[in-house]
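**Student:** Before anything else, here's the structure in question.
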Amino acid sequence: MSQALGLETVGDLLDHVPRRLVHRGELTSFEDLEMESHATVVAEVVSVRTRKMRSRRGSITEVTITDRSGEAADFLYAGGVDRMTLSFFNAWTAARELSEGTHALFSGKVTRYGGKLTMTNPHYAPLDQDDELGALDAMAHVGRPIAVYPATAKVPSDRIATAVRTVLPGIDWSTVPDPLPLGVADRHGYTDLPTAYEHLHLPPDDRSWYRAKARFRHTEALMLQTALVRRRRAVQLRMAPVLDGRHDGVQSRFEARLPFELTPSQVTVGEQIAEDMAREHPMNRLLQGDVGAGKTVVALRAMLQAVDSGAQAALLAPTEVLAAQHLASIEAALGPLAHAGTLGGDPEGTNVVLLTGSMPQSARRRALLAIASGEAGIVIGTHALLSDTVQFAGLGLVVVDEQHRFGVEQRDRLRDAGDGPVPHLLVMTATPIPRTVAMTVFGDLDVSVLEGLPAGRQPISTHVVGLQEHPSWEERIFARAREEVAAGRQVYFVAPKIGDDDEVPGMTLAESAALLAQTPPAGRSARQGDEDNAPDPAESMVSTVWLSELVARSPELADVRTAVLHGRLEAQEKTGIMEDFAAGEIGLLVCTTVVEVGVDVPNATFMVVFDADRFGISQLHQLRGRIGRGSHASTCLLVTRREPDHPSRERIDAVAATTDGFELAQVDLTLRREGDILGDAQSGGRSTLRLLRALDDIKIIESARAEAGEILDVDPSLERHWGLALAIEAYLDEDTEKYLERG
Ligand code: ADP
Ligand code: MG
């Protein structure tokens, strides 16, 4: 039907779920309409006026419609938000079909023009004389809600409705398998499949529509959970190397050198992992722990247990910067134990190698050789580790750091090399994930939680700096940074973007904040057309380029050694800068969120996030986690040029109020749609949920989880549930497709 909506088959059409229901006689409020986007509303025609155009030939018909929301206070609303003006060009039919008092479905792009809502040449369908239906049909539909579909200008909602009404009666349901087993449908009181589709598209009342949607959500949950449980059981059946370690191996030597005591939680989680690895079936464990909770040590102990058992361990990092960081910190933690084969190394130790995509050929060849010969006990790398050219002598354990950047397929790639033993898997993430989201996205993993932070951690104090209210604080920020560097500490300045030279507004942040305060949003867009204007300071985000210029001009920071770090630099340059920063040779690092994940420089104690309003809660939390890692007190400033009552302030204030990642995740949940959160957790992972909402549908997901287990207990290959099996196959195919497109 439409490529724009991806509706190619009858099945696609049937699965195109109405967004909401409208009711005859009930008008859609204009208040919540999103400007500049496609909308469908039911409204009443107030007036119709046709006039000749002055400059051109032809006529223009102006139809005013209303949602009647202004009736209570008519005097306030005259021409206000309860009215919308529709302009039709040369549309005699519209002039005829729409008359005062007509109720109709209107769809088109809503624009606000001079304070008035408008649509130009909208599509419309009068509701009272539904002439697509025969008289009898129309009778049957009187009083029924009308389904409004996600639509586009080319394929308006009512045309989709017509198409559905056309195909629905002709479907031979005996050829359509129902993915939902009868027992499950009965238990929950769902209708059969044909009725569910009818209720989804042509509901007799609201309740039937919600019930039908619940059925499809449940089906989706069951497909997902069955796939996950099946996959989990399949992996559990495979053989893995038994990695039970040694009492006098590298692990115990390493533990003897640890400069701190493990926290009780690190010990407990460590035991869980050690036990998993000693089994002959593969471990599949997700390790959740807040930023700074000390996940690396836990992972390193597991890797050494693998080494002590004669196997290799691989640590997969999401970025080159992070891989290099891990190499540096693991080498530091192991000391001579990291260089078994070299002079001065401990012959009882092992070897650690790095493999990244940007390594020079010769270094890469050396690394590949060390990996293939088994000389390298621990291999740290990025995606490059997943390449076919990498041959391990005997890979026993894969650790994936910061899971949310890797997909399910990717973490499998390292493990599924043939029918031989499967390596154990440990996935680490700092993003607290609500239980049902974890069940949906990581449903095939066991979960361990690392609680609390290591003792002796200095607290981070966080403050919001509003430059509109306190323009003079800009200089204070630079002065504080200087004091910090003078005291031997190090500083991060984080900007939301890299930027270009010609975008720098040539003013201080406080000056641009003042401009931002003076210019109302409407005036702003009007000014954009002026060509001779410098870039609009109100529109330009703080960039690393702008920040560098401000730093260079600041007398306070003139002699501080500064470097700029961002994703556009060559990989080697990035690693070089990070190494210099870690070594304390750089005092101030101006950077983007490349430092967001995992970077560990305990001597960095001061972080300023500029335009903090541009970041999400969890991102700010991750960023802030880069400081407060050593024994000195740390400070984080969240700088904003936005007005004090800007909605983003709520987010920034929340981050300033607590350093507890789990508490912040909760706030985050309440402030934004769960879809985004899932989107976050799943970016690069399991992709689309169609109807299912991992936070709202807790009950459905939990019950589907149990049902999936029961089904697979009696019918492991799904032979007797072929409807479900087929649906899962289609679902996963699509998932993989999406995944491949993204990769
Ligand atoms: P994350 O969980 O964010 O990956 P890291 O593993 O990078 O955290 O640990 C953060 C810092 O805490 C590191 O500098 C690490 O050496 C230190 N650390 C880890 N465990 C402990 C502990 N038990 N006691 C003191 N410091 C610890
Ligand atoms: Mg980490």
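**Student:** Would you please list the contacts, defined by Cβ atoms under 9 Å and residues six or more apart or on different chains, that run from a residue in region 289-304 that is within 18 Å of S252 (Cβ to Cβ) to a residue that is open to solvent by less than 20 Å² (accessible area, probe 1.4 Å) and near ligand 1 (Cβ under 8 Å from one of its atoms)?
**Tutor:** Pairs found: V297/Q266; V298/Q266; V298/G289; V298/M428; V298/L450; A299/D401; A299/M428; R301/Q266.
**Student:** Now, a different point. Please find, among S618, S634, the residue that is away from ligand 2 (no atom under 16 Å from the Cβ) and surrounded by 21 or more Cβ atoms within 10 Å (Cβ to Cβ). Write out each step before concluding.
**Tutor:** Values: S618 fails: away from ligand 2 (no atom under 16 Å from the Cβ).
Sole residue among the options that is away from ligand 2 (no atom under 16 Å from the Cβ) and surrounded by 21 or more Cβ atoms within 10 Å (Cβ to Cβ): S634.
**Student:** Here is a follow-up. Of all residues in region 227-253, count the ones that are in a helix (DSSP H, G or I) and touching a residue at least 12 places away in the same chain (Cβ under 8 Å).
**Tutor:** Total meeting the criteria: 13.
**Student:** Checking the conditions here, which among A665, A654 is over 27 Å from V564 (Cα atoms), aliphatic (A, V, I, L, M), surrounded by fewer than 24 Cβ atoms within 10 Å (Cβ to Cβ) and within 16 Å of ligand 1 (Cβ to nearest atom)?
**Tutor:** A665
**Student:** Please go through (1) aliphatic (A, V, I, L, M); (2) more than 14 Å from ligand 1 (Cβ to nearest atom); (3) in a strand (DSSP E or B) for A274 and return the number of the only condition it doesn't satisfy.
**Tutor:** If we test A274 against (1) aliphatic (A, V, I, L, M); (2) more than 14 Å from ligand 1 (Cβ to nearest atom); (3) in a strand (DSSP E or B), just (3) comes out false.
**Student:** If I ask for residues that are within 16 Å of ligand 1 (Cβ to nearest atom) and either among the acidic types (D, E) or part of a helix (DSSP H, G or I) (or both), which ones from region 278-292 would you list?
**Tutor:** D290 - this is the single residue of region 278-292 that is within 16 Å of ligand 1 (Cβ to nearest atom) and either among the acidic types (D, E) or part of a helix (DSSP H, G or I) (or both).
**Student:** Against the definition (within 16 Å of ligand 2 (Cβ to nearest atom) and either among the aromatic types (F, W, Y) or modelled with pLDDT of 90 or more (or both)), how does L258 come out, yes or no?
**Tutor:** no
**Student:** Also, quick follow-up: Take the residues of region 414-436 that are in a loop (DSSP other than H, G, I, E, B) and modelled with pLDDT of 85 or more: which is farthest from ligand 2 (Cβ to nearest atom)?
**Tutor:** So the residue we want is V422.
**Student:** Test R641 against the stated conditions and say whether it is surrounded by 21 or more Cβ atoms within 10 Å (Cβ to Cβ), away from ligand 1 (no atom under 16 Å from the Cβ), among the basic types (K, R) and in contact (Cβ under 8 Å) with a residue 40 or more places away in the chain.
**Tutor:** Yes, satisfied.
**Student:** Being part of a loop (DSSP other than H, G, I, E, B) and open to solvent by 70 Å² or more (accessible area, probe 1.4 Å) is the filter here; which residues of region 538-555 pass it?
**Tutor:** Passing the criteria: only E539.
**Student:** Still on this structure, I have one more. Any chance you could count how many residues in region 157-197 are surrounded by 12 or more Cβ atoms within 10 Å (Cβ to Cβ) and among the acidic types (D, E)?
**Tutor:** 3
Every residue, every condition in (1) open to solvent by 50 Å² or more (accessible area, probe 1.4 Å); (2) modelled with pLDDT of 85 or more, yes or no:
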residue	(1), (2)
A438	no, no
G443	no, no
S448	no, yes
A455	yes, no
I460	no, yes
E469	yes, yes
E474	no, yes
A479	no, yes
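**Student:** Hey, another quick one. Residue pairs, Cβ under 7 Å, 6 or more apart or interchain, first in region 610-631 and within 23 Å of R476 (Cα to Cα), second open to solvent by 10 Å² or more (accessible area, probe 1.4 Å) and not in a loop (DSSP other than H, G, I, E, B). List them.
**Tutor:** Taking only residues 6 or more apart or on different chains, the pairs are L623/T593; R624/I460; R624/T462; I627/I460; G628/I460.
**Student:** Which one of these is at pLDDT below 90 and out of contact with any Pro (no Cβ under 6 Å at 6 or more places or on another chain): I700, I627, I652?
**Tutor:** Working: I627 fails: at pLDDT below 90; I652 fails: at pLDDT below 90.
The unique qualifying residue is I700.
**Student:** Any chance you could count how many residues in region 337-364 are surrounded by fewer than 16 Cβ atoms within 10 Å (Cβ to Cβ) and either among the hydroxyl-bearing types (S, T, Y) or within 15 Å of E255 (Cβ to Cβ) (or both)?
**Tutor:** The qualifying residues number 4.
**Student:** Can you list the strands (runs of 3 or more DSSP E) lying wholly within region 89-130 that have 1 or more residues being out of contact with any Gly (no Cβ under 9 Å at 6 or more places or on another chain) and within 14 Å of E44 (Cα to Cα)?
**Tutor:** Per the criteria, 103-109, 123-126.
**Student:** If the Cβ limit is 9 Å and pairs must be 6+ apart or interchain, which residue in region 549-576 that is within 19 Å of G506 (Cβ to Cβ) and in the same structural domain as E475 (by TED's automatic domain parsing) pairs with which residue that is of a type in the set (D, E, K, R) and open to solvent by less than 20 Å² (accessible area, probe 1.4 Å)?
**Tutor:** Going by the 9 Å Cβ cut-off, the qualifying pairs are L550/E474.
**Student:** When the residues of region 319-336 are filtered to those that are within 16 Å of ligand 1 (Cβ to nearest atom) and more than 18 Å from V601 (Cβ to Cβ), which remaining residue is surrounded by the fewest Cβ atoms within 10 Å (Cβ to Cβ)?
**Tutor:** G335
**Student:** Any idea which residue in region 481-511 is surrounded by the fewest Cβ atoms within 10 Å (Cβ to Cβ), counting only those that are modelled with pLDDT under 90, touching a Pro at 6+ places or on another chain (Cβ under 9 Å) and in a helix (DSSP H, G or I)?
**Tutor:** D502
Residue-wise test of (1) at pLDDT 80 or above; (2) aliphatic (A, V, I, L, M).
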| residue | (1), (2) |
| --- | --- |
| R54 | no, no |
| E62 | yes, no |
| G70 | no, no |
| F75 | no, no |
| A78 | no, yes |
| S87 | yes, no |
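**Student:** Cβ-Cβ under 6 Å, sequence separation 6+ or interchain: first residue in region 57-70 and closer than 22 Å to S29 by Cβ, partner among the aliphatic types (A, V, I, L, M) and open to solvent by 10 Å² or more (accessible area, probe 1.4 Å). Which pairs?
**Tutor:** Matching pairs, first to second residue: V63/V48; T64/V46; T66/V46; D67/L27; R68/L27.
**Student:** Go through region 331-361 and count every residue that is under 14 Å from V307 (Cα atoms) and within 16 Å of ligand 2 (Cβ to nearest atom). Break it down into steps so the answer makes sense when it comes.
**Tutor:** So the first thing to find is which residues in region 331-361 are under 14 Å from V307 (Cα atoms), and the list is 334, 337-340, 347-353.
In the following step, the residues that additionally are within 16 Å of ligand 2 (Cβ to nearest atom) were identified as none.
Qualifying residue count for the region: 0.
**Student:** Only one of these is within 16 Å of ligand 2 (Cβ to nearest atom) and either modelled with pLDDT under 85 or open to solvent by less than 20 Å² (accessible area, probe 1.4 Å) (or both): Q403, Q410. Name it.
**Tutor:** Q403
**Student:** Take residues that are within 16 Å of ligand 2 (Cβ to nearest atom) and tell me which of the strands (runs of 3 or more DSSP E) falling wholly in region 556-612 contain 1 or more.
**Tutor:** Because the criterion is at least 1 residues that are within 16 Å of ligand 2 (Cβ to nearest atom), the strands (runs of 3 or more DSSP E) in region 556-612 that meet it are 604-609.
The values are calculated or read from the model by the stated rules, or taken from the named source; none is laboratory data. This is a predicted model, so every value here is computed, not measured. Ideal geometry is used to build each Cβ from the backbone, glycine not excepted, and the neighbour counts take in all protein chains shown. Keep in mind that these areas ignore ligands, DNA and RNA; they rest on the heavy atoms of the full protein, side chains included. Shrake-Rupley method; radii C 1.70, N 1.55, O 1.52, S 1.80 Å.
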